[in-house]
Amino acid sequence: MIFIGGISQGQKILDYVKTVICDRCGAYGRYQVMMTYMYFSFFFIPLFKWNKKFYVKMSCCEAEIGRA
């Protein structure tokens, strides 16, 4: 029997649009909200995700605002 599966790390850019003034560079920028996670796949089908982390990156200067 052949077992094709494994654990991998994924990243997803969430659809969130809000224009703000950046605290670091002072320019107008857009929030880019990202989610990173680990997932288990079996025969190339992702079955479940865990260890989800969200963070925000600015589009103007690539400054990372915070983690949740």
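Would you work out the Kirkwood radius for the chain? I mean one over the mean of 1/r across all pairs of different Cα atoms, in Å. About 13.8 Å for the chain.
List the trypsin sites (Lys or Arg not before Pro) within the range 14-65 that fall in a DSSP loop (any state other than H, G, I, E or B) and whose Cβ has at most 16 other Cβ atoms within 10 Å.
18, 24
Pairs of lysines in the chain whose Cα atoms sit within less than 15 Å of one another amount to 5, provided the residues are eight or more positions apart or on different chains. Taking 0.36 nm per residue of separation and subtracting the Cα-Cα distance, full extension of the segment from residue 44 to residue 12 would add 9.8 nm. Stretching residue 54 away from residue 31 to a fully extended chain increases their span by 7.0 nm, per 0.36 nm per residue minus the current alpha-carbon distance.
Which of the chymotrypsin sites (Phe, Trp or Tyr not before Pro) across the range 10-67 are loop residues per DSSP, with 15 or fewer other Cβ within 10 Å? Could you put the intermediate results ahead of the total?
Details: sites: 16, 28, 31, 37, 39, 40, 42, 43, 44, 48, 50, 54, 55; in loops: 16, 43, 44.
Answer by residue number: 16, 43, 44.
Give me the accessible area per residue for the chain, probe 1.4 Å, as a whole number in Å².
Value returned for the chain: 78 Å² of accessible area per residue.
With contacts taken as Cα pairs under 8 Å at a separation of at least 6 residues, the chain carries a relative contact order of 30 percent.
The values are calculated or read from the model by the stated rules, or taken from the named source; none is laboratory data. Quick caveat, the model's predicted, so the values are computed rather than measured. Heads up, the Cβs are rebuilt from the backbone with ideal geometry, glycines too, and the neighbour counts pull from every protein chain shown. In case anyone asks, the SASA skips ligands and DNA or RNA and just uses the protein heavy atoms, side chains included. Shrake-Rupley method; radii C 1.70, N 1.55, O 1.52, S 1.80 Å.
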